[in-house]
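Read-outs throughout are calculated quantities, based only on the coordinates presented, and are distinct from any laboratory measurement. These figures come from a predicted structure and were not determined experimentally. Cβ sites come from the backbone with ideal geometry, for glycine too, and all protein chains shown count toward neighbours.
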Amino acid sequence: MLTARASSRTVQRVARNFATVVDSAGVKVAAVDNNQPTASVTFLIKAGSRFESKPGVAHGLKNFAFKSSAKRSALGTVRESEIYGGVLSASLSREHLALTAEFLRGDEPYFVDVLTSFVTSAKFARHEYNEYVAPAVESEIEESKFNPGFQAVEAAHAVAFHNGLGSSLLASPHNSITHEDIRSFAQSAFARDNIAVLGTGIDQTTLTSLVEQSLSKISATSQLSSPPSSYFGGETRLQAHGGPQTVFIGFGSAGRPSPEIAALAAFLSTTPSVKWSQGTSPITATLPKDTAVEVVYLPYSDASLFGLLVQGPTGSAVKEAGKAAVQALKTASNGLKGDDLKKALVKAKFAAASAVDSREGLLSVLGSKVLSGHESSLDSTLASLDKVSENAFAKAASSLVKTKPVFVAVGDVATLPYVDELGL
Amino acid sequence: MPLGFTLAPKVLASKTLTSWITPVAHWYANLAGYRRYGLKYDDLVIEEYEDVQKALNRLTPREQYDRAFRMKRASHASVLHNVLPKEEWTKPEEVSNPLSPADQM
């Protein structure tokens, strides 16, 4: 009964997809209007940390967002945005820099102008770097020191992919970045083929006409490039204080992310479907008290990183939890049968579909597809999950687990386990 | 950095007005005497204001050094009750306003 229902329920139509992608003067514009009370416009720029010319430049550029441009000063932007009641934000991932404006419907001429004037005519003033940007960069670095999970995933990327995807999201604490470095990085990144304009709650033609004029001023092709990713693997141990003891056990692969690994991540995921219940994840059943395992699955355009983030109060507890998690992973990688596989696929489909429900998720999932010119809908993702078979899953999962693992220990490195002690 | 009411932008916008007024301006600046002590106009701005302090903080180390040097040289000349030798006078073409927002980019 349950299996019949689960298999027959295919997602017919995803209403929140971007309708069409219009190529306006070399810039890709996509908009979706679901009659939300607020609207948002995001400039998604391929200027993530994997493209940076000097370590930390992308982080600096993110914090330079919405500072002085030829049209208005940093203070002017703050005051005018408050008068309109909108919110401006910038976020950085390994591949993209997103500049977002959220505002009430009808205010799009002003907010699109703020975004385009930053992209076309930002000043990157020296005093703004010293007075606003550098302190913000520094405080974000300081904040990350108290988040061992973040540190572990950052270190895992460096070990797994070396350059490119391996470069850190944050600048190093003792960097030599100047406003000139950030300016030249921005100039090579802000090009028409490197930007996707994504709108929610806004009409496509309105957005296109607003963007078209102003973005014709910037150069047509970007000068940024990143070598294709390759996976290495290895081990690193970082001494840290204050946070929980943390271990990250990961397996990466170069090439397009495969739906089988997404299904494996969904199967092992320790987040229960009903709050405060234990869930049926094979990891949760054998975990020692006070320890937690989080399944991390990070797909990128040409690589993916799958891993288990194990946290606990002491090194020995983390060792026990790590052993249990690795055991569960190995069992699952031998293949899933019947209901187990169906459960994994449906959970993965729900995770993919519900991510698109939120504004941030919509941008992070579909934005990169718009930018690369692929079909900008979720249908292909869901269809690829539908096609996963028992054989394909077993093959993909077992070959993933056979690769050289990434192992990162953050915390009290004297008591935290080594990779061979976890049964790998 | 205009500290008060100024017609300068309007004058600079008109070619004719600029060509008339520039010689008068240079005559006036030479008459004021600070150029003979090797100073720039911005060195005369009173420092004890918040905005001026902020502008001073934004100078590059090189500009800060040059400013201190000009001040020191001028006060030394003042102690000697004499102006600087003519080759050290501020020349009209090297006039810049280090404290103006445009120069701080």
Quiz item: Hey, what did chain A get for relative contact order, percent, Cα under 8 Å, at least 6 apart?
Solution: 21 percent
Quiz item: Just from its helices, what would the mean residue ellipticity at 222 nm be for the protein assembly as shown, if runs of 4 or more DSSP H residues each count -39500 (n - 2.57) and the sum is divided by every residue, rounded to the nearest 500 deg cm²/dmol?
Solution: -13000 deg cm²/dmol
Quiz prompt | chymotrypsin sites (Phe, Trp or Tyr not before Pro) lying in DSSP loop within the range B:42-88, provided at most 12 other Cβ fall within 10 Å | solution = B:Y49
Quiz item: Per Stokes-Einstein, at 25 °C and 0.890 mPa s, what whole-number D in µm² s⁻¹ belongs to the range A:364-424, with the Kirkwood radius over Cα pairs as the hydrodynamic radius?
Solution: 158 µm²/s
Quiz item: Which whole-angstrom value gives the distance between the alpha carbon centres of the range A:366-415 and the range A:76-128?
Solution: 33 Å
Practice problem: Provide the per-residue ³J(HN,Hα) series for the range A:308-314, in order, calculated from phi with Karplus coefficients 6.51, -1.76, 1.60 and θ = phi - 60°, each as a whole number of Hz, with x at glycine and proline positions. | Solution: 10, 9, 9, 10, x, x, 10
Quiz item: Taking Cα atoms, how many degrees apart are the long axis of helix A:74-84 and the longest axis of chain A, rounded to 10 and kept between 0 and 90?
Solution: 80 degrees
Quiz prompt | Pairwise centroid distance, computed over Cα atoms, of the range A:50-64 with the range A:179-219, Å | solution = 18 Å
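Translational D (Stokes-Einstein, µm²/s) of the range A:119-232 at 20 °C and 1.002 mPa s when Rh comes from the Kirkwood sum over C-alpha pairs? Intermediate results must be reported in sequence, preceding the final value.
On the way: Rh = 17.1 Å.
The Stokes-Einstein estimate is 125 µm²/s.
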Quiz item: With each label point set 7 Å from Cα along the Cα-Cβ vector, what nm distance links A:E212 and A:E390?
Solution: 5.6 nm
Practice problem: Could you go through the range A:119-124 in sequence order and give the Karplus-derived ³J(HN,Hα) for each residue, using 6.51 cos²θ - 1.76 cosθ + 1.60 with θ = phi - 60°, rounded to whole Hz, and x for Gly and Pro? | Solution: 5, 8, 9, 5, 8, 6
Quiz prompt | Label-zone membership for the range A:166-207, site A:D23, 7 angstrom Cα→C-beta point, backbone N under 12 Å | solution = A:193
Quiz prompt | Scaled radius of gyration (Cα, divided by 2.2 N^0.38 Å) that the protein assembly as shown gives | solution = 1.24
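For the residues A:S225, A:S91, what sequence is obtained by ranking on other C-beta atoms within 10 Å, fewest first?
On the way: A:S225 10, A:S91 15.
Listing A:S225, A:S91 from fewest to most nearby Cβ atoms yields A:S225, A:S91.
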Quiz item: Using 7 Å Cα-to-Cβ label points, what is the A:S358/A:L238 separation (nm, one decimal)?
Solution: 2.3 nm
Exercise. Enumerate by residue number the trypsin sites (Lys or Arg not before Pro) in the range A:361-424 meeting two conditions: DSSP loop (anything except H, G, I, E, B), and at most 16 other Cβ atoms within 10 Å of the site's Cβ.
Key: A:K387
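Sort B:W20, B:W89, A:W276 so that the residue with the fewest other Cβ atoms within 10 Å of its own Cβ comes first and the one with the most comes last. The partial results should precede the final answer.
Numbers: B:W20 12, B:W89 16, A:W276 5.
Going from least to most buried by this count: A:W276, B:W20, B:W89.
Pick out the long, greasy-scoring helices in chain B: whole DSSP H runs spanning 15 Å or more along their own axis by Cα, mean Kyte-Doolittle at least 0.0. Spell out each step's value before the answer.
Values: long enough: B:15-32 (25 Å, 0.19); B:61-79 (27 Å, -1.36).
Both cut-offs are met by B:15-32.
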Quiz item: Longest segment of chain B with no GluC sites (Glu not before Pro) in a DSSP loop having at most 16 other Cβ atoms within 10 Å?
Solution: B:49-105
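What fraction of the DSSP beta bridges in chain A is antiparallel, stated in percent and rounded to the nearest 5?
Working: 48 of 59 bridges.
If I count the DSSP bridges inside chain A, around 80 percent turn out antiparallel.
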Quiz item: Of all the Cα-Cα pairs you can form in the range A:38-197, what percent are over 28 Å apart?
Solution: 21 percent
Self-check item: Interchain or long-range residues, amide H under 5 Å from A:G252's placed H
Solution: A:F306, A:V406
Quiz item: Taking a point 7 angstrom from the Cα of A:N147 along the C-beta vector, which residues in the range A:232-249 have backbone N less than 17 Å away?
Solution: A:241-248
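Chymotrypsin sites (Phe, Trp or Tyr not before Pro), restricted to the range A:124-177: which are DSSP loop and have at most 13 other Cβ atoms within 10 Å? Each step should come with its number before you reach the end.
On the way: sites: A:F124, A:Y129, A:Y132, A:F146, A:F150, A:F161; in loops: A:F124, A:F146.
When the chymotrypsin sites (Phe, Trp or Tyr not before Pro) of the range A:124-177 are filtered for loop state and at most 13 Cβ neighbours within 10 Å, A:F146 remain.
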Exercise. Give me a single rounded figure for A:123-132: the average over its residues of other chain Cβ atoms within 10 Å of their Cβ.
Key: 3
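Per residue of A:336-344, what is the mean number of Cβ atoms on other protein chains within 10 angstrom of that residue's Cβ?
Values: counts 0, 0, 0, 0, 0, 0, 0, 0, 0.
For this peptide, the per-residue mean of nearby foreign Cβ atoms is 0.
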Self-check item: Two-site FRET efficiency, A:R126 against B:V45, from Cβ-Cβ distance with R₀ of 25 Å, rounded to 0.05
Solution: 0.75
Quiz item: Roughly how tilted is helix A:134-144, in degrees to the nearest 10 and between 0 and 90, from the longest Cα axis of chain A?
Solution: 10 degrees
Quiz item: Roughly what angle does helix A:315-333 make with the longest principal axis of chain A, taking Cα atoms, 0 to 90 degrees, to the nearest 10?
Solution: 90 degrees
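Rounded to the nearest 0.05, what FRET efficiency do A:N34 and A:S277 have when you use their Cβ-Cβ distance and R0 = 35 Å?
Details: r = 32 Å, r/R0 = 0.91.
It comes out at approximately 0.65.
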Quiz item: Can you work out ³J(HN,Hα) from phi for every residue in the range A:288-305, in order, using Karplus 6.51 cos²θ - 1.76 cosθ + 1.60 and θ = phi - 60°, giving whole Hz and x for Gly and Pro?
Solution: x, 4, 6, 9, 9, 10, 10, 8, 10, 10, 10, x, 10, 5, 9, 6, 8, 10
